[in-house]
Amino acid sequence: MEEDEGEIQEEDEFENEETSRELVVPGEVLTEDVKNFLPGRGTILNDKRDKIISLHIGLKQINKNYINVIPLRGIYTPQPGDKVIAIVVDKNPVKYRCDINAKDSAQLKPRNTESRVRGRIGRGRDYQRGPRPQRDESKTDRFEIGDILIVKVLSADRLNKPELTTVGKYLGKKNGGIVISIDPPKIPRVIGRSGSMIKMLKSLTNCNIFVTQNGRIWLRGDNIAYERLLIDAIYKIEREAHTSGLTDRIQAFVENEKTKRGIK
Amino acid sequence: MMDVKRVISTIERKYITNNLKKEERIDGRGLWEYRDFKIDADMIASAEGSADVTLGETRIITGLKYDVGTPFPDLPDAGVCTVMAELLPLASPLFERGPPDNQSIELARVVDRGIRHADCVQTKLLCIKEKEAVYILFVDMYVINYDGNLIDCGGVSALTTLISAHIPEGKYTENGIEWTGNYLTGEKIVNELPFVMTYGKIDDVIFLDPSLPEELVCDGKMSISVTEDKITSIQKSGAATFSLDEIRMLGQKSIEIGKELRNKLNLWQYKAKID
Amino acid sequence: MVLIIKDEYPEKLFREDGKRLDGRDKTELRPLKMEVGVLKNADGSAYIEWGNNKIFVAVFGPREVHPHHLAKPDRGILRVFYRMATYSVFDRKRPAPGRREKEISMIIADCIEPVLFLELYPSTSFEVFIEVIDADGGTRCASTTIASLALADAGIPMKSLVTSLAVGKIDGEIVVDLSGIEDKAGDADLPLAITWFNDEISLLQFDGAMDTEEFDKCLTLGKEAAEKIHQIQLDTLRSKYISIQESVKESSSESGGEQ
């Protein structure tokens, strides 16, 4: 039993009231009213300090007196606390090196994997007495190159490679299913406001889904037909992420396709 | 489907393999089904023939240029057709910049042999003056996007390029080679239409036209070039082994699939339109 | 290479009716079409058809620097690789990159760097791969113009786009957007590029002979033309998303609106 929709880390900015559907481009002047507005995310004050300029192609958003631009594309930047899907690309006695779809590869040290930590948690001097906790298969600390892991980012800054951990609820190695990738900025759309999109997808396709911040989504269904449909729906969400009424439209798409493809 | 910019994960390998054993492929195709071909020809103004071919998402843009030179001593009245391939870094983060590597050399050579041994290009028609001057044709393939099975895409791209050819016809004079005002077209110089079919093998399952995830996961491949009724060229690559029965089966299948493809694509529609 | 049809230049570059050989007026641009997101394996990509020029660009980055010794600890590095396909020119080009391609790669990198924030990306690499598959005058300008779209497509923060074109002199007249023949047979060729965040020139080369009045006119006409091209770049970026918004509206109004 290993399903989860991933914690909803942030509000879905795309569905946020403050996000307009106004598409802006790099260099575009967002406002010349620099007395009342401040440059927020994805924006900058020009050299003369009399205009706020967009740095991206994205959606304009006004939040209190900040003008922000939500970029439609961009690489994943690791933040502490993020849950991401990692693939082990290398290992040596002191650490695992993992690809987390970011600029740098990340590190997973053995002390941050389940069994060792369990060994440390205790009730003072008596911790070694009593039955040893059952080892959960998916959380053994023996990972191989090519393993898919759900991990949490412990730390990430400009100077050091991000550090990961498999300690935590729903974290650890995945033994089946498949992983797909979409643009990281569009992940909130797959989750939806209060998880509405992902709940709908799960119930209509009967699949387990784990959505993570680095653009990667793990899924597993009863059969490949359901899985293909779910994957097609996710790519459709990615393509239409900047439009409104998305949840209803995707629901209609999935229902229609089920009929068309002859899936119950 | 999956992000194939890096190491293939174990679960992906298992997913592809387990489903193949049930004759299911991740993109819904049958085991002997091609992805869609999309073809455009003669779009490059600077070239004497060209083709932009996409198979699934694998895209190869090929162009034809010519030179006039001395023939090989053992074939004094025959022109030369040479095939080159470049795997551009644009096409995939898996391609590094630099001189052609094994994969691009294999692509060029397999496509070249498929053309050569089918007697596709009538090299005797590429002779201007015996022992002195023959055409040297350069068929250069550039991989613009990589989504598996470069060879079959390249084969169609190179062949369509030759069909679309419009090479200025030269005559030998004492002042050098002069233009007759006419063109050597693909219609004149292309004799046969060879097609190459590439199969992947994972465990015991064999399938046509591997997509990228299938190609990265497979144990080996077999490429077979055919004309209307003959097998003209074969290349086995990768560490997989094939039984004699499997090879016979694939030979037979290739002739059948080759016929279907030849009819479906109807490549002669891409011949040059010279007014 | 031995050419049977020789690459000869015409005597006059203007027709009897006063138009240029391809029918254009002096300040008219060649037909120009751009597209973003054409190469799915790249972080950002774009394609341009400008006259007979056809050019693909792919952007990778921000990513780790390979080989590692080229990394700068305090800022990112931008590398541009401008390459031409063998069949992109009338006289077949050798496959290996030549000196001209390396020089142009450098010029384009220097031209684009001012709009990026390399200081925010220490030990990081941005790579721009340009492949010219058909060339007809002004490829470095077309490449720069389309490369800036590919960078925007990748989501990389930029102060603004960059727009580039070539102006020049043919048969004594100042013209905008030189074609291949005009470039080879004309009197002067001036490729330039403008970064819009500060309205300044970030690429400038010149070959030929001009007096200061002609030079001045070139810069003025060049800037005007660049403004037109910039608008096309911005429309291209937007249209990728706007067309999806429209088609989505159409399909939901067809099915009777949403609940």
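In this entry, A:Ala106 is excluded by the filter for residues that are under 21 Å from the mean Cα position of the chain (by Cα), more than 22 Å from C:Ile156 (Cα to Cα) and modelled with pLDDT of 90 or more. Every condition in (1) among the small types (Gly, Ala, Ser); (2) surrounded by fewer than 17 Cβ atoms within 10 Å (Cβ to Cβ); (3) in contact (Cβ under 8 Å) with a residue 60 or more places away in the chain holds for C:Gly18 except the one numbered (3).
Before we move on, is B:Asp209 of a type in the set (D, E, K, R) and on the phi > 0 side of the Ramachandran plot? Against the criterion (of a type in the set (D, E, K, R) and on the phi > 0 side of the Ramachandran plot), B:Asp209 qualifies.
Residue count for segment B:27-48 satisfying the condition of being surrounded by 20 or more Cβ atoms within 10 Å (Cβ to Cβ) and either free of Cβ contacts under 8 Å to residues at least 40 places away in the same chain or within 30 Å of C:Ile5 (Cα to Cα) (or both): 6. Where strands (runs of 3 or more DSSP E) fall wholly inside segment B:76-183, the ranges with 1 or more residues that are in contact with a Ser or Thr (Cβ under 6 Å, 6 or more places away or on another chain), more than 25 Å from B:Lys38 (Cα to Cα) and within 13 Å of another protein chain (Cβ to nearest Cβ) are B:166-173.
Of all the numbered requirements in (1) closer than 26 Å to C:Gly18 by Cα; (2) touching a Phe, Trp or Tyr at 6+ places or on another chain (Cβ under 8 Å), C:Lys159 misses one, and that requirement is (1). Do you know which of the residues in segment C:31-46 that are buried (at least 21 other Cβ atoms within 10 Å of the Cβ) and within 13 Å of chain B (Cβ to nearest Cβ) is nearest to the chain's Cα centre (by Cα)? Selected residue: C:Ala46. The number of residues in segment B:232-254 that are over 18 Å from B:Asp203 (Cα atoms) and crowded, with 17+ Cβ neighbours inside 10 Å comes to 6. The residues in segment A:208-225 that are within 14 Å of chain B (Cβ to nearest Cβ) and either more than 25 Å from B:Gly28 (Cα to Cα) or surrounded by fewer than 21 Cβ atoms within 10 Å (Cβ to Cβ) (or both) can be counted, and the count is 9. Residues in segment A:217-235 that are in contact (Cβ under 8 Å) with a residue 24 or more places away in the chain, outside any helix (DSSP H, G or I) and not basic (Lys, Arg): A:Ile217, A:Trp218, A:Leu219. Candidates A:Gly172, A:Gly168, A:Gly192: the one that is closer than 25 Å to A:Thr113 by Cβ and either within 14 Å of chain B (Cβ to nearest Cβ) or crowded, with 20+ Cβ neighbours inside 10 Å (or both) is A:Gly172.
If the condition is being touching a helix residue (DSSP H, G or I) at 6+ places or on another chain (Cβ under 8 Å) and outside any strand (DSSP E or B), then segment A:139-170 contributes A:Lys139, A:Thr140, A:Asp141, A:Glu144, A:Gly146, A:Asp147, A:Thr166, A:Val167. Here C:Phe197 qualifies as aromatic (Phe, Trp, Tyr), in a loop (DSSP other than H, G, I, E, B) and either surrounded by fewer than 18 Cβ atoms within 10 Å (Cβ to Cβ) or in contact with a helix residue (DSSP H, G or I) (Cβ under 9 Å, 6 or more places away or on another chain) (or both). For segment B:5-45, which residues satisfy the criterion of being of a type in the set (D, E, K, R) and within 11 Å of chain A (Cβ to nearest Cβ)? Correct list: B:Lys5, B:Arg6, B:Glu12, B:Arg13, B:Lys14, B:Lys22, B:Glu23, B:Glu24, B:Arg25, B:Asp27. Answer yes or no: is there a residue in segment C:133-154 that is in a loop (DSSP other than H, G, I, E, B), away from chain A (no Cβ under 14 Å) and not small (Gly, Ala, Ser). Yes - at least one qualifying residue is present in segment C:133-154.
When C:Thr124, C:Thr86 are checked against the criterion of being surrounded by 17 or more Cβ atoms within 10 Å (Cβ to Cβ), within 11 Å of another protein chain (Cβ to nearest Cβ), without any contact (Cβ under 8 Å) to a residue 40 or more places away in the chain and touching a strand residue (DSSP E or B) at 6+ places or on another chain (Cβ under 8 Å), C:Thr86 stands alone in meeting it. Cβ-Cβ contacts under 9 Å between residues 6 or more apart (or on different chains), taken from a first residue in segment C:96-114 that is touching a residue at least 40 places away in the same chain (Cβ under 8 Å) to a second residue that is part of a helix (DSSP H, G or I) and among the β-branched types (Val, Ile, Thr), are listed as C:Ile107/C:Thr144; C:Ile108/C:Thr144; C:Cys111/C:Thr144; C:Ile112/C:Thr144. Annotation note: of C:Asp207, C:Asp136, C:Asp183, C:Asp171, the sole residue that is surrounded by fewer than 22 Cβ atoms within 10 Å (Cβ to Cβ), within 20 Å of C:Ala226 (Cβ to Cβ) and touching a residue at least 40 places away in the same chain (Cβ under 8 Å) is C:Asp183.
Yes/no per residue for (1) among the polar types (S, T, N, Q); (2) within 19 Å of B:Val111 (Cα to Cα); (3) in a helix (DSSP H, G or I):
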| site | (1), (2), (3) |
| --- | --- |
| B:Met197 | no, yes, no |
| B:Gly200 | no, yes, no |
| B:Leu216 | no, no, yes |
| B:Asp229 | no, yes, no |
| B:Ile234 | no, yes, no |
| B:Arg248 | no, no, yes |
| B:Gly251 | no, yes, yes |
| B:Asn263 | yes, no, yes |
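Criterion first (modelled with pLDDT of 95 or more and either farther than 25 Å from A:Ala86 by Cβ or in contact with a Ser or Thr (Cβ under 7 Å, 6 or more places away or on another chain) (or both)) does A:Leu230 satisfy it? Considered against the rule, which asks whether it is modelled with pLDDT of 95 or more and either farther than 25 Å from A:Ala86 by Cβ or in contact with a Ser or Thr (Cβ under 7 Å, 6 or more places away or on another chain) (or both), A:Leu230 comes out as yes.
Do we have any residue at all in segment C:155-166 that's in contact (Cβ under 8 Å) with a residue 60 or more places away in the chain, away from every other protein chain (no Cβ under 12 Å) and assigned to a strand (DSSP E or B)? Yes, the conditions are met somewhere in segment C:155-166.
Against the condition part of a helix (DSSP H, G or I) and within 12 Å of another protein chain (Cβ to nearest Cβ), how does C:Ser105 come out, does it pass? The answer is yes for C:Ser105. Taking the criterion of being in a strand (DSSP E or B) and under 16 Å from A:Asp183 (Cα atoms), the residues of segment A:66-92 that qualify are A:Ile70, A:Pro71, A:Tyr76, A:Lys83, A:Val84, A:Ile85, A:Ala86. Among the residues of segment C:190-241, what is the count of those that are within 14 Å of another protein chain (Cβ to nearest Cβ) and touching a Phe, Trp or Tyr at 6+ places or on another chain (Cβ under 6 Å)? Count: 0. Take the residues in segment C:200-236 that are in contact with a strand residue (DSSP E or B) (Cβ under 9 Å, 6 or more places away or on another chain) and in a loop (DSSP other than H, G, I, E, B), then tell me which one is nearest to A:Leu23 (Cα to Cα). Restricting to residues being in contact with a strand residue (DSSP E or B) (Cβ under 9 Å, 6 or more places away or on another chain) and in a loop (DSSP other than H, G, I, E, B), the top hit is C:Gln205. Give me the pairs, please: first residue somewhere in segment B:80-99 and free of Cβ contacts under 8 Å to residues at least 12 places away in the same chain, second residue anywhere and among the basic types (Lys, Arg), beta-carbon distance under 9 Å, and either six or more positions apart or on two chains. Hits for this filter: B:Pro89/B:Arg97; B:Arg97/C:Arg83.
The values are calculated or read from the model by the stated rules, or taken from the named source; none is laboratory data. Just so it is clear, the model here is predicted, and its values are computed rather than measured. Positions of Cβ are backbone-derived with ideal geometry, glycine not excepted, and every protein chain shown enters the neighbour counts.
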